[in-house]
There are 2 protein chains.
Amino acid sequence: MPASPAKTAIGWIGTGVMGRNMATHVIQAGYPLTVYNRTKSKAQPLLDLGARYADSPAEVAAVSDIVFTMVGYPSDVREVISGTDGVLSTLKEGGIVVDLTTSEPGLAAELAALAAARGRFVVDAPVTGGDIGAKKGTLSIMVGGDKKAVDEVKPVLDCFASTVTVFAGPGTGQHCKMANQITIATSMLGMCEGLVYAHAAGLDLESYLGAIAGGGAGSFSVQSYAPRILKRDMEPGFYVEHFVKDLGIALEACKQMRVSLPGLALAQQLYVSLCACGDERLGTQALIKSLERINGRTLPTKSTFSAW
Amino acid sequence: MPASPAKTAIGWIGTGVMGRNMATHVIQAGYPLTVYNRTKSKAQPLLDLGARYADSPAEVAAVSDIVFTMVGYPSDVREVISGTDGVLSTLKEGGIVVDLTTSEPGLAAELAALAAARGRFVVDAPVTGGDIGAKKGTLSIMVGGDKKAVDEVKPVLDCFASTVTVFAGPGTGQHCKMANQITIATSMLGMCEGLVYAHAAGLDLESYLGAIAGGGAGSFSVQSYAPRILKRDMEPGFYVEHFVKDLGIALEACKQMRVSLPGLALAQQLYVSLCACGDERLGTQALIKSLERINGRTLPTKSTFSAW
């Protein structure tokens, strides 16, 4: 049975930039919303829109049919869902937890099994599309979990997603997100290495990007991040430290599955080098700094550069 | 002074799939054309359109104002341009050679200097866009060389290109092409590693690609090559052995410029492994086979897969 705004009470745990923007769409669709965040002030914009505040994940879950979690690290996911004061301690029978955090596939499967043993559901549903996608409600969501539970939460996901892809079984949403991050990391590396080569060869970098962006070398990285690099704009769309978390999860999953991905390993190490040099709060395009360091040269800044 | 179809005699050396399709556009634009190819039969379609045949590069150059070369390896470029029976042995003063081959930036600079000392010009102008771009006349061309010579050949390039990007000085067109190939190689690696991970995690690969293609992981590789991999279509759009040639040139240029590109080095080695296993005549998407081999597993074939 699809969820209905009139009947389905939604809980929301984690109201950082991503969570707050997603939850806003849920309120605006007419669902009653109860929220909790470690730092209460970050939930204020949602309270201003009519959300109720609860003092713990358990208190949120006590009054909700479906609880969304959007927190930081796998350890946070574990705590808010299965901790002493976590969602599963009070969630009613048949209730559903939807974890939007990018987290460990193994943990997702473990929590889903724990919940299932008690007649509840945990669905993993990491997102892509960044803060802009969250604001516009055009995220892409990768969902794994019990099919009936997924069907039930789908209408709520549709409030902030333009694409919802459902895979079979718990943890598969996280696995899809990992494969996505693996592809991005190596694509970003190729984009940066092309820039470093072009600069070393004395090419005008704006002309270079114009020449390659529309062809076989084209990518989201070339289109969206290379122009920021030329403007020396290292502002985070997505933090280096969060990407390092994701790539670490991916490598650990590879280890468990006995999968060898040399490109991922290399890209991860170069991203770790950014943390080593204090660049963890920059955006992922800062990968160029790692390549600049190993080459002892820095790309010029084109303050006037505008995307084509 | 721009070239005029009525006056400018064009020579064409190298009429393989790429060269033949490009030269066809030149004839169709009204330029008189003289051609030479090591295997004469491959020039026949052009002769049928009215091109004249000459028995050597030197004989082509003797009757041409501008001579295009589109051959295989840097050694072929050197031979047809500066060899005993090469273009520069007969080309008239002020004549221009345009090398469309993807070749060494250093060789391009060397040949340009050699020609300049004799009052002739050699322009490097490698292309991207593949056989389809050559057929449609929508190639992207990256040009380096003497500015006056480049201005003169530009109208002829426009016969088969939709984008012509001019860089400053001999060899820079080749350098741009190298940076392009570097970006492609690593992007292709990321796409393949994402697929291997997704398969190991048990995801439906078609759903996986649908979920990631429109977001931050999107690229020409994901859009055009991943679907071929799912259909197990390893037909060459671009041969592995030619890509290995290009990446080898890029690595050599890196060595000369003292530039370290670890992603390029890794991707190049994985492509070399395809040659080691006899896959050099497959298309570049065959990189997946290298990753399959190091992981002891093969992706499933979806004969019904169609691009989204």
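Scan the range B:255-273 and give yes if some residue there is more than 12 Å from chain A (Cβ to nearest Cβ) and modelled with pLDDT of 95 or more, otherwise no. Give the steps one after another, and end with the answer.
In the first step, residues of the range B:255-273 are kept if they are more than 12 Å from chain A (Cβ to nearest Cβ); the result is B:271-272.
Still in the list and also modelled with pLDDT of 95 or more: B:271-272.
Yes; the residues of the range B:255-273 include at least one that is more than 12 Å from chain A (Cβ to nearest Cβ) and modelled with pLDDT of 95 or more.
Return the total of residues in the range B:246-258 being in contact (Cβ under 8 Å) with a residue 60 or more places away in the chain and crowded, with 17+ Cβ neighbours inside 10 Å. If you could, list the steps in order and put the result at the bottom.
Step one: of the range B:246-258, the residues in contact (Cβ under 8 Å) with a residue 60 or more places away in the chain are B:246-247, B:249-250, B:252-253, B:256.
Applying the additional criterion that residues be crowded, with 17+ Cβ neighbours inside 10 Å yields B:246-247, B:249-250, B:253.
Matching residues across the range B:246-258 total 5.
Going residue by residue through the range B:134-153, is there one that turns out to be touching a Cys at 6+ places or on another chain (Cβ under 6 Å) and of a type outside the set (S, T, N, Q)? Quick ask: steps written out before the conclusion?
Restricting attention to the range B:134-153, the residues satisfying the condition of being touching a Cys at 6+ places or on another chain (Cβ under 6 Å) are B:142.
Among the residues that remain, those that are also of a type outside the set (S, T, N, Q) are: B:142.
Yes, the range B:134-153 has at least one match.
Going by the structure shown, is B:F243 at pLDDT below 95, within 16 Å of B:M191 (Cβ to Cβ), within 13 Å of chain A (Cβ to nearest Cβ) and within 21 Å of the chain's Cα centre (by Cα)? Full working, then the answer.
Numbers: at pLDDT below 95: no; within 16 Å of B:M191 (Cβ to Cβ): yes; within 13 Å of chain A (Cβ to nearest Cβ): yes; within 21 Å of the chain's Cα centre (by Cα): yes.
No, not satisfied.
Write out, first by first residue and then by second, each pair whose Cβ atoms fall under 6 Å of each other, whose residues are 6+ apart or on separate chains, and whose first residue, in the range B:121-142, is within 11 Å of chain A (Cβ to nearest Cβ) while the second is aromatic (F, W, Y).
Sorted first by the residue in the range B:121-142, then by its partner, the pairs are B:L139/B:F160.
Can you pull out every residue in the range B:20-53 that is farther than 13 Å from B:C159 by Cβ and buried (at least 20 other Cβ atoms within 10 Å of the Cβ)?
Looking only at the range B:20-53, we keep the residues that are farther than 13 Å from B:C159 by Cβ, and these are B:20, B:32, B:34-53.
Residues satisfying the conditions are B:R20, B:T34, B:V35, B:Y36, B:N37, B:A43, B:L46, B:A51.
B:G83 versus (1) closer than 29 Å to A:C192 by Cβ; (2) away from chain A (no Cβ under 14 Å): which is the lone unmet condition?
Answer for B:G83: the failing condition is (1).
Can you tell me which of (1) in a helix (DSSP H, G or I); (2) more than 22 Å from B:K136 (Cβ to Cβ); (3) touching a residue at least 40 places away in the same chain (Cβ under 8 Å) is the one B:A23 doesn't meet?
The number of the failed condition is (2).
Name the one entry in A:G171, A:G237 that is more than 7 Å from chain B (Cβ to nearest Cβ), in contact (Cβ under 8 Å) with a residue 60 or more places away in the chain and crowded, with 21+ Cβ neighbours inside 10 Å.
Numbers: A:G237 fails: crowded, with 21+ Cβ neighbours inside 10 Å.
Only one candidate passes the filter, namely A:G171.
All but one of (1) under 28 Å from B:D204 (Cα atoms); (2) in contact (Cβ under 8 Å) with a residue 40 or more places away in the chain; (3) away from chain A (no Cβ under 12 Å); (4) of a type outside the set (A, V, I, L, M) hold for B:R297, so report the exception by its number.
That leaves (3) as the condition not met.
Could you please find all residues in the range A:227-270 being among the polar types (S, T, N, Q), in contact with a helix residue (DSSP H, G or I) (Cβ under 8 Å, 6 or more places away or on another chain) and closer than 30 Å to A:L203 by Cβ? Outline the logic, then answer.
First pass over the range A:227-270, keeping only residues among the polar types (S, T, N, Q): A:256, A:260, A:268-269.
Restricting the remaining residues to those that are in contact with a helix residue (DSSP H, G or I) (Cβ under 8 Å, 6 or more places away or on another chain) gives A:256, A:260, A:268.
The one that is among the polar types (S, T, N, Q), in contact with a helix residue (DSSP H, G or I) (Cβ under 8 Å, 6 or more places away or on another chain) and closer than 30 Å to A:L203 by Cβ: A:Q268.
Just for helices (runs of 4 or more DSSP H) wholly inside the range B:190-308: which have at least 1 residues that are touching a strand residue (DSSP E or B) at 6+ places or on another chain (Cβ under 9 Å) and not assigned by TED's automatic domain parsing to the domain that holds B:G16?
Numbers: elements: B:205-212, B:226-230, B:240-257, B:262-276, B:287-295.
Helices (runs of 4 or more DSSP H) meeting the threshold: B:205-212, B:226-230, B:240-257.
Check B:L266, B:L291, B:L261 and return the single one that is over 18 Å from A:G194 (Cβ atoms) and surrounded by 13 or more Cβ atoms within 10 Å (Cβ to Cβ).
Details: B:L266 fails: over 18 Å from A:G194 (Cβ atoms); B:L261 fails: over 18 Å from A:G194 (Cβ atoms).
After ruling out the rest, the residue left standing is B:L291.
The values are calculated or read from the model by the stated rules, or taken from the named source; none is laboratory data. Nothing here was measured: the structure is a model prediction, and the numbers come from that model. Neighbour counts run over all protein chains shown; Cβ positions are idealised from the backbone, glycine included.
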